[in-house]
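Please read the structure below before turning to the comments.
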Amino acid sequence: MLLPRINHRLLLRHSPSPPSFVPFPSSSPSRFPSFPKTALPASKLVSGVMTAAMAVRPPKLLFRQLFEKESSTYTYLLADVAHPDKPALLIDPVDRTVDRDLSVVKDLGLKLIYAMNTHVHADHITGTGLIKDRVPGVKSIISKASNSKADLLIEAGNKICFGSLFLEVRATPGHTLGCVTYVTGDGPGQPHPRMAFTGDALLIRGCGRTDFQGGSSGELYQSVHSQIFTLPKDTLVYPAHDYKGFTVSTVGEEMLYNPRLTKDEETFKSIMENLNLPYPKMIDVAVPANMVCGLQDRVVKA
């Protein structure tokens, strides 16, 4: 039996049009975000791939948490590594660890532009003055309310910019008169979740003492509740100190589990008034030095 001859040209000419969609794999590689398991229109496929590429793009913010064991102080290094200059800042540097901090800055190819404090510390001498000596162009920062010396005196509502990133300044007095909290920016291109560098105003499951340097337990309570606990609950909390091995918390956690600040204000005041803490062993040296950017010896000699 002879089979009819097939006209391949005719078959191609009248074959159905190619499908208007391209099936997307039901199990995407783990580095991509989840996509619908149904077929995607071909016109949307390119934009889907672009979205995945954006998801794996390196973040702008470089972040390092550094520790000084004698005073249990955290120093924080932040930089915009997407910017050509890689501008960076250090929050709450300690004089004993300036060499280490500047070594990290150098190793990572960053340009340090700010050395800043959350307040006038009583338990260690700030490293801002030494850093200024070692790195030309670095400017020191502290709050105007602290009545201490620095290149830039900041107030609530100010923004500290480094590259395309910025820190928002929030006044959080109570531990001292001049305490501030630095919060990463809110908006496109800024880190998510946000990050709050709370100094001693809010510690992980605790808070700073309020019995010297113009401290006030009532003021601290109001500061934390109005300026920190109003941030999104997933905001990461990075304090200036920790004595129990904690490294980070969140606003939501502290609102639920902080044994002092979850109480009503009167109970909080009573707790703070009965802490019976010893006199800080470094206070008589640290506070005068920190009032002049950590360069007390130079001021005395002059």
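Only the coordinates and a few stated rules stand behind these numbers; no lab work does. Please read these numbers as outputs of a predicted model, since none were measured by experiment. FYI the Cβ positions are ideal-geometry reconstructions off the backbone, even for glycines, and counts take in every protein chain you see.
Kindly provide the chymotrypsin sites (Phe, Trp or Tyr not before Pro) of region 163-227 that DSSP labels as loop, not H, G, I, E or B, and whose Cβ sees at most 14 other Cβ atoms within 10 Å. Provide the component values of the computation, followed by the final result.
Details: sites: 166, 182, 197, 212, 221; in loops: 212.
Hits after loop and neighbour filter: 212.
Which GluC sites (Glu not before Pro) in region 202-302 pass both tests, a DSSP loop state and at most 16 other beta-carbon atoms within 10 Å?
When the GluC sites (Glu not before Pro) of region 202-302 are filtered for loop state and at most 16 Cβ neighbours within 10 Å, nothing remains.
Could you give the Stokes-Einstein D for region 67-179 in µm² per second, using the C-alpha Kirkwood radius, 10 °C, 1.306 mPa s?
It comes out at roughly 111 µm²/s.
Quick check: residue separation of residue 230 and residue 144 times 0.36 nm, minus the Cα distance between them. What number comes out in nm?
Numbers: separation 86, 0.36 × 86 = 30.96 nm, distance 2.35 nm.
Value of the extension gain: 28.6 nm.
Is there a pair in 139/269; 86/244; 69/132; 132/281; 86/149 whose C-alpha atoms are over 31 Å apart, and which pairs would that be?
Values: 139/269 37 Å; 86/244 33 Å; 69/132 23 Å; 132/281 26 Å; 86/149 27 Å.
Checking Cα-Cα distances, 139/269; 86/244 exceed 31 Å.
Stretch residue 164-residue 186 to full length: gain in nm at 0.36 nm per residue minus the Cα-Cα span?
Contour length minus the Cα-Cα distance gives 6.7 nm.
Considering all projection directions equally, how large on average is the shadow of the alpha-carbon convex hull of region 147-269, in square nanometres?
Mean orientational projected area (region 147-269, Cα hull): 7.9 nm².
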